[in-house]
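The values are calculated or read from the model by the stated rules, or taken from the named source; none is laboratory data. The structure presented is a predicted model; accordingly, all values stated were derived computationally and were not measured. Quick reminder, even Gly has a Cβ in these numbers, built from the backbone with ideal geometry, and neighbours come from all protein chains shown.
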Amino acid sequence: MFRRLLLGWFAQCQRKLPWRGTTDPYHILVSEIMLQQTRVAVVKERYKKFITQFPSVKRLARAKEATVLAAWSGLGYYRRARALHAAAKEIVRHGSFPQTAQELMALPGIGRYTASAVASIAFEEPVAVVDGNVKRVIDRVANRKSEPADANMERQYWEIAGSLLDRQSPGDFNQAMMELGALVCLPAQPLCEACPVANLCGTRGPTEKAERPARRKAELHYALACRNGSILLRQRSKQSSLMPGMWELPEVAATNKRKLPLLQLRHSITTTDYTVFVHHGKKGKRQGDRWIPFHSVYRLPLTGLTRKIIRGLGNA
């Protein structure tokens, strides 16, 4: 009953997304990796551009890492792009796309969730998926209280998801479970009246929202120097633990706040909300700096903040 109701709802109410309806494992892999820690609304447009630039796993494997990072710029969590690039190279080296979750997990940066999603949607392998949305659906249906960072609880989620799985339509079922959590079974205010399995649910109505740790506040200051149609950028160290090899404006110490900055904006990364100030910069270069023509700046792997700053200055 649960499976039939859920699949019927999904057939009628699923969102129209550019990666829906395809069984191309490469396209599904790209979408799943992009969707990790990135909102669907952002991924929709960036996915289409990425697939246009790298329409096949072979094209992606042949591309330079800097080109891939430039195409990924603004999506954040750049290790995902590096892992996707490395996985593409491994697939091409192997000569064929892995078709089981177990084989997919052998690829660089591919965990159990991503491997199961690709295997079930592209190859109809009867394996379940578990992400935050699926966990919430399971907790509500089974009237469970989840405990963070509990290894035994994580194992139970996968077992329950596997027992619920429609083995005849695993790809659609897995997408339906995630879609239900994303659209209906919301964290604090579930839309129970719109839920296709409400009559089978052990928890009805609002639930207590998990308390989130307070976000940190901080400031960042950058210098903007331009000359002859070029902008001065600095490359992060290849050994940097954060965004290695990416390009950004030179960071500077806080200046006299009585001087108005060229630009002020907000930027959030993980648990920190930044106020970003961009100031007039001197035209002298330091080691690692390079004058980049404006017309080719987006060919570089820019940090997401740098891309936001450049666009903001264009509108200022």
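Suppose we filter segment 84-113 for residues that are farther than 20 Å from Tyr47 by Cβ and over 18 Å from the mean Cα position of the chain (by Cα); how many remain?
Going residue by residue through segment 84-113, those that are farther than 20 Å from Tyr47 by Cβ are 89-90, 92-96, 98-103, 105-106, 108, 112.
Next cut, over 18 Å from the mean Cα position of the chain (by Cα) only: 89-90, 92-96, 98-103, 105-106.
Counting residues in segment 84-113 that are farther than 20 Å from Tyr47 by Cβ and over 18 Å from the mean Cα position of the chain (by Cα) gives 15.
Within the set of pairs 6+ apart or on separate chains, which have a first residue in segment 228-257 that is closer than 18 Å to Gly304 by Cβ, a second that is assigned to a loop (DSSP other than H, G, I, E, B) and basic (Lys, Arg), and C-beta atoms under 7 Å apart? Within 7 Å, the pairs are Met243/Arg236; Pro244/Arg236; Pro244/Lys238; Gly245/Arg236; Gly245/Lys238; Met246/Arg236; Glu248/Arg236. When Pro98 is tested against the conditions (1) more than 24 Å from Gly304 (Cα to Cα); (2) modelled with pLDDT of 95 or more; (3) surrounded by fewer than 17 Cβ atoms within 10 Å (Cβ to Cβ); (4) not polar (S, T, N, Q), the lone failure is (3).
Can Arg39 be described as surrounded by fewer than 21 Cβ atoms within 10 Å (Cβ to Cβ) and either closer than 28 Å to Ile269 by Cα or within 15 Å of the chain's Cα centre (by Cα) (or both)? Answer is yes for this residue.
Might you check whether a residue that is touching a Pro at 6+ places or on another chain (Cβ under 8 Å), of a type in the set (A, V, I, L, M) and modelled with pLDDT of 95 or more occurs anywhere in segment 54-67? Checked against the condition, which is being touching a Pro at 6+ places or on another chain (Cβ under 8 Å), of a type in the set (A, V, I, L, M) and modelled with pLDDT of 95 or more, segment 54-67 yields no hits at all. Checked across segment 250-262, the condition of being closer than 26 Å to Lys49 by Cβ and either touching a Ser or Thr at 6+ places or on another chain (Cβ under 8 Å) or not assigned by TED's automatic domain parsing to the domain that holds Ala81 (or both) holds for no residue.
Exactly one residue among Ile51, Ile91, Ile121 is surrounded by 18 or more Cβ atoms within 10 Å (Cβ to Cβ), at pLDDT 95 or above and under 24 Å from Gly245 (Cα atoms), and that residue is Ile51. Inspection of segment 39-57 identifies at least one residue that is under 21 Å from Val297 (Cβ atoms), of a type in the set (A, V, I, L, M, F, W, C) and in contact with a helix residue (DSSP H, G or I) (Cβ under 7 Å, 6 or more places away or on another chain).
The residues of segment 126-146 that are under 21 Å from Thr23 (Cβ atoms) and surrounded by fewer than 20 Cβ atoms within 10 Å (Cβ to Cβ) amount to a single one, Pro126.
Among the residues of segment 243-259, those that are in a loop (DSSP other than H, G, I, E, B) and at pLDDT 85 or above comprise Met243, Pro244, Gly245, Met246, Leu249, Pro250, Val252, Ala253.
For segment 57-79, the set of residues classified as out of contact with any Ser or Thr (no Cβ under 9 Å at 6 or more places or on another chain) and crowded, with 20+ Cβ neighbours inside 10 Å consists of Val57, Leu60, Val68, Leu69, Ala70, Ala71, Trp72, listed by residue number. Which members of segment 270-306 meet the condition of being at pLDDT below 90 and either buried (at least 17 other Cβ atoms within 10 Å of the Cβ) or in contact with an Asp or Glu (Cβ under 9 Å, 6 or more places away or on another chain) (or both)? Matches in segment 270-306: Gly281, Gly304.
Within segment 104-116, the set of residues being assigned to a loop (DSSP other than H, G, I, E, B) and surrounded by fewer than 20 Cβ atoms within 10 Å (Cβ to Cβ) comprises Met105, Ala106, Pro108, Gly109, Gly111.
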